[in-house]
């Protein structure tokens, strides 16, 4: 007997069909991975199941009854809880307030029972083996803890089906292990879990069954043990396993380096990062490796002038520069694709065309404008070049999937023809196909003489793509490896100390 | 769905509302649409039968007997002109028309009286599009009117530089001074908001409260009247068949349109309003963009202040532009610009301003007491806002759809 079942779900957004008749079923007591590329329709399907959007056609059955949830709260009352990729909590409230929000325990007089609230919150967290001060503001804890608090909150209601949408993208290895332990425990208790992730290893570590979507259609549902990994990837991107092997082999490292593009001596900022030296040559790909919070992103922010440095000097192409605002960096042809796409990247209500032209226009200023035709041609060019999935450049960027938004941001900066491109976690939350595309693209750009600084939590990527790697720990540079010394083992050793 | 239909979609609901209001007037108000061509000669010259726009404000401070009398008088003139029984005729050789002819009638009057809010709405739209708000424009209007009236009275008395130009020309000095001062006021607001990061509502509240005091200081607490032909012409004169104020609005709208849509300024405003941090990361000088919108808004308030003073030929620091910031904000919102910032629609704001003025004028013509005039006005406004809400429309449609479905079964 299936706990959740969807039949012929269809969804249309402004002329785009996001789902084309999806049948999907989850049993009680299983961990079910929902896989697919960006834009395949995973998030849309989840949002229909949880009542964020109404379906254009088809029906959802939960516990044997047909359900039409009108809001996520509605679904929550029925026993479906969801934890999204972006933590959807209130950072300025305490952990306990966050966990109990909307269902606060009451005293006899009807006031909120603050003591009882803390007790309940501690209990909910204990289920995940977390012991933190529940009276503290949520924002005082790391993203990883916040994510676990979100899960604790989801479990706190009488939950039969738990949906985890990319829960691991901001967690480190140990935290992921903890999470998996919790997931397995919940499975024992008979809970059904839908698990969405882009980390293929993780899928096989915990999932019982795998359902694959492609272009809004169901490819199939399989037992995890019967589906080899390469075949799963092949089904996701609609290519044969052979073609994938070719794609991965197609990445060629550039080895010809030119003059130094950017050099910084002892740049630092009190309380953010201890002074470091960074230099990079034309055609070189420099990796910044380290754990989350080790100072990787902070270096990027300082180079780009978002957080101006308070010590050290920098030169660009041999000339002394002082990037104390992004405008200056952009004018000197530096580009930063920052970590948090939603907050620092996309302008949601503008079109794809406007999002692409924005940085180029900003560097030109207010008066030097491009004609509409030039803008359209530029958008068209990058939509084709980066294979952005959209019916036209006039679509609002917020209607695109995460990976396609990321491609638009890459287009925005390629349009400025930068000399130095900084990519901060460009592959987070996007699928294998798009990841390979982005990796191949950066190599190609290096081949054309661009200098690339690459920041990623996935060490394999750093090791595979970079010509030199700076390793950071506790906001300090702890080492640098280059050439053939770059290996997973060496980098790990430096990170661990 | 083609591009052009998307481009004008935001105008649909305000225009529908305006059309409904005009239809109401066409049916229930005699001679509402009657427009006459008047020949300009000094005996026939008709002064605009304007209803002072600050009537609701005057009603609020009903203690001031003078204000109450003014309201009575205005109501009377409207009634008379609406009935076309006795068009109030006055000798007035200031309303000079270029070709000797001009149009006269209620719709024209609405445009003339609505000019202040239309001008304000242009600046307000840009500020709101950046995610901000400027509630000081009414007070800035009072300052602009005060400095203009003070200077013109000094010029008339001959104790100010420039008096040698003669009354036909020296009105330019007070106009320029008022615009400079109001632009400075906008600069001050922009500095507080963009420079120091104070929340827009709080930052502009400073000038909203203090501005009228500044205006009182300028006029020494007096209501200064003037009759300089140049200054009076702004809101009472005619050119090319229409009130001169309408041409001021047209010019401001065209300039604002060119400034925002033919340069990248509009795109940057929308970008900053939609996601300020990401805009900064894209290399846009977000603070400068925001600052600039407040400066423009201050300038617009200055123009509106001159129109208001010109209209009643005096600077009344207490009542000039009173509550007009609310009308300007309302016009902007009715026009489809979100208070959250982002996309903005100048044309929508103009339609919104006309809608509000039509509503106000209709109230007076229907003889609604100024004391309660805000109530029906609020009701119409809430209807317009509901019509604009996609959620509300979907709800209403679903009710109709289910009724239709039931009807189909029967």
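Bear in mind that the values in this text are calculations on the coordinates, not laboratory data. Since we're looking at a predicted model, the values are computed, not measured. No Cβ is skipped: glycine too gets one built from the backbone with ideal geometry, and neighbour counts run over all protein chains shown.
Relative contact order for chain A using alpha-carbon pairs under 8 Å, separation at least 6, rounded to a whole percent? Please list the in-between numbers first.
Working: 985 pairs, mean separation 76.8, N = 497.
Here the relative contact order equals 15 percent.
Within a 10 angstrom radius of the beta carbon, how do A:382, B:364 rank from fewest other beta carbons to most?
Result, fewest neighbours first: B:364, A:382.
Give the relative contact order (percent, whole number) for segment A:2-240; include only Cα pairs under 8 Å separated by 6+ residues.
Worked out over segment A:2-240, it gives 28 percent.
Rule-of-thumb check for segment A:260-496: C-alpha Rg over 2.2 N^0.38 Å? Please list the in-between numbers first.
Working: Rg = 17.4 Å, N = 237, 2.2 N^0.38 = 17.6 Å.
Working it through for segment A:260-496, the quotient is 0.99.
When only C-alpha pairs under 8 Å and at least 6 residues apart count, what is the relative contact order of segment B:110-366, in percent? Before the final figure, lay out the partial values.
Values: 504 pairs, mean separation 103.6, N = 257.
Over segment B:110-366, the number comes to 40 percent.
From the alpha carbon gyration tensor of segment A:273-392, can you work out the equivalent ellipsoid semi-axes (sqrt of 5 times each eigenvalue) and give them in Å, largest to smallest?
30, 18, 14
Can you tell me the 0 to 90 degree angle between the C-alpha axis of helix A:173-188 and the longest principal axis of chain A, rounded to 10?
Between helix and principal axis, roughly 20 degrees.
Can you work out the FRET efficiency for the pair residue B:30 and residue B:391, with r the C-beta to C-beta distance and R0 = 56 Å, to the nearest 0.05?
Computed FRET efficiency for residue B:30 and residue B:391 comes out at 0.90.
Taking N as the number of residues in segment B:110-366, what is its alpha-carbon radius of gyration divided by 2.2 N^0.38 Å?
0.99
For segment B:210-232 and segment A:403-440, what is the separation of their Cα centres, given in Å?
Using only Cα atoms, the two centres lie 60 Å from each other.
Binning every alpha carbon pair distance of segment B:138-177 at 10 Å from zero, what are the percents per bin?
It works out to 34, 50, 14, 1, in whole percents.
Per residue and in cubic angstrom, what volume does the convex hull of the Cα atoms of the protein assembly as shown have?
Value for the protein assembly as shown: 219 Å³ per residue.
Can you give me the C-alpha center-to-center distance between segment A:257-282 and segment A:292-345, rounded to a whole angstrom?
Spelled out, the Cα-based centre of one part sits 10 Å from the other.
Among DSSP bridges having both ends in segment A:2-240, what percentage is antiparallel? Round to the nearest 5.
Of those bridges, close to 60 percent are antiparallel.
Compute the distance in nm between two label points, each set 7 Å from the Cα along the Cα-to-Cβ direction, one at residue A:73 and one at residue B:258.
Distance between the two pseudo-spin positions: 5.2 nm.
Could you state the number of Å between the C-alpha centres of segment B:270-343 and segment B:344-363?
16 Å
By how many degrees, 0 to 90 and rounded to 10, does the Cα axis of helix A:352-364 deviate from the longest principal axis of chain A?
With both axes taken from Cα atoms, the answer is about 30 degrees.
If N is the number of residues in chain A, what value comes out of its Cα radius of gyration divided by 2.2 N^0.38 Å? Let's see the in-between values first.
Numbers: Rg = 23.8 Å, N = 497, 2.2 N^0.38 = 23.3 Å.
Ratio of Cα Rg to 2.2 N^0.38 Å: 1.02.
Restricting to chain A, compute how many DSSP beta bridges are antiparallel as a %, nearest 5.
60 percent
Can you give the helix-only mean residue ellipticity at 222 nm for chain A, where every DSSP H stretch with n ≥ 4 adds -39500 (n - 2.57) and the sum goes over all residues, rounded to the nearest 500 deg cm²/dmol?
My calculation for chain A gives -10500 deg cm²/dmol from helical runs alone.
Could you check what % of the DSSP bridge pairs in segment A:260-496 are antiparallel, to the nearest 5?
Of all bridge pairs located within segment A:260-496, approximately 55 percent are antiparallel.
Return the Cα extents of segment A:116-210 along principal axes one, two and three, sorted largest first, each rounded to a whole Å.
Between the extreme Cα coordinates on each principal axis of segment A:116-210 lie 39, 27, 17 Å.
Report D for segment B:106-249 in µm² per second (integer): Stokes-Einstein, Kirkwood Rh on Cα pairs, 20 °C, 1.002 mPa s.
130 µm²/s
Can you check what the Kirkwood hydrodynamic radius comes to for segment A:2-240, Cα pairs only, in Å to one decimal?
18.6 Å
Can you give me the Kirkwood hydrodynamic radius for segment A:30-146, using every pair of distinct Cα atoms, in Å to one decimal?
When all Cα pairs of segment A:30-146 are included, the Kirkwood radius is 16.7 Å.
Helix A:432-447 against the longest principal axis of chain A: what's the angle in degrees, Cα atoms only, rounded to the nearest 10?
The angle comes out near 10 degrees.
Please report the base-10 log of the normalised intensity I(q)/I(0) for segment B:251-410, using a Debye sum with one equal scatterer per alpha carbon and no solvent, at each q in 0.09, 0.13, 0.20 (1/Å).
Debye intensities relative to I(0), on a log10 scale: -0.45, -0.82, -1.34.
Give the order of A:412, B:277, A:117, A:70 when sorted by the count of other beta carbons within 10 angstrom, beginning with the fewest.
Ascending Cβ contact count within 10 Å gives the list A:70, B:277, A:117, A:412.
So what are segment B:189-301's ellipsoid semi-axes, whole angstrom, largest first, if each one is the square root of 5 times an eigenvalue of the alpha-carbon gyration tensor?
Listed largest to smallest, the semi-axes of segment B:189-301 are 33, 24, 8 Å.
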